[in-house]
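Heads up, the thing below is written out as structure tokens.
The values are calculated or read from the model by the stated rules, or taken from the named source; none is laboratory data. Only a predicted model underlies this, so the values are computations on that prediction, with no experimental measurement involved. With ideal geometry, Cβ positions are generated from the backbone for all residues, glycine too; neighbour counts draw on all protein chains shown. Accessible surface areas use protein heavy atoms only, side chains included; no ligands, DNA or RNA. Shrake-Rupley method; radii C 1.70, N 1.55, O 1.52, S 1.80 Å.
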Amino acid sequence: VIITGLVTKIESINYYVKCEDKIYHCFLKGNFKKKFEYKKNKLITTDIVVVGDYVDFELNKEGFGLIHKIHKRKNYLSRKAPRIKGATIKGSRLEQVLAANIDNAIIVMSPKTPQFNNRTLDRYIVTAKACNIPETIVINKIDLADEDFKYWINLYQKTGHNIITVSATENINIDKLKSLIDKKVSVFWGPSGVGKSSLINTIYPQANLRVGDISDYTTKGRHTTVTAQLIEIEKDTYLIDTPGIREIEPFGVSQLDLGHYFNDIAKYIPDCKFNTCTHEHEPDCAVREAFYKGKISEERYLSYLNMLDSIEEDINYL
């Protein structure tokens, strides 16, 4: 008998799949392994089961499920795999898929503890856009923000981003955030220590996620979420809580594509003289002209150039 269910949690080789009101303990079928293949000279990975996937499985004599099929995904969140042994083939880093079938990417940042970093935020934004997931910027701990921080809020609002300022401890705009994620599948994503688990606990106390301390020494959050997990908070409302990720690099974004994921840069790209313009040094570049005229902020343009430089290593594989 084939059973279709939703993957809610993964721990090593153990997959927990929800079907109606029951959770099945599953494993990957023996011949169902990670596969690597090339398409148009681009290295991709396929057949990796992640939280949010709908899968087909059959029960064995011991009562465990054996997963043998992944249903087609509407989208998935991924990044370049970390720089570790085995994570590259022919010099190109593999794709690490984190979660699938997502309605919202809730990118959580904070003004302080840990300190706000716009380049990190831009990497999360580009990654969400490249994965075709609608993103919302949530600034938690807004009660810690000073007057100068309004600059960043205004900047991202002016560039067309949906931004919500909240505080888990002071209960600021929690209802506004709750209305955004109600009846949807949302991933809470951001650096360690920004308060993702605290926000979830404030909105849905029944979640009871473990909350980690901020290290006084490094001012970087300690990792408290061991694995990504999909939590059904209320009927038809799911949250995907992910481990804090210190390194985020979007997968499959070429130098020529990158500018299209920056709202304030993308609108000037059609006016560039060359359709191969990277907006770094080419003549008659409408993007650089807009920057020189103050139509694109220095912080965003430098963030773009920083990301452009980081994806140069993979240009031959895209």
Inset, instruction - Could you order peptides 67-79, 103-115, 153-165 by the average number of other Cβ atoms within 10 Å of their residues, highest first? - result: 103-115, 67-79, 153-165
Inset, instruction - Quote the FRET efficiency, to the nearest 0.05, computed for LYS293 versus GLU232 with a Förster distance R0 of 41 Å and r equal to the Cβ-Cβ distance. - result: 0.25
Legend entry - Point-to-point label distance, LYS150-ILE23, nm (Cα→Cβ direction, 7 Å offset): 4.6 nm
Inset, instruction - On the full set of protein chains, 1.4 Å probe, figure out the accessible area of GLU232 and give it in Å² to the nearest 10. - result: 70 Å²
Legend entry - Modelled FRET efficiency - R0 41 Å, ASN263 with VAL1, Cβ distances, 0.05 increments: 0.25
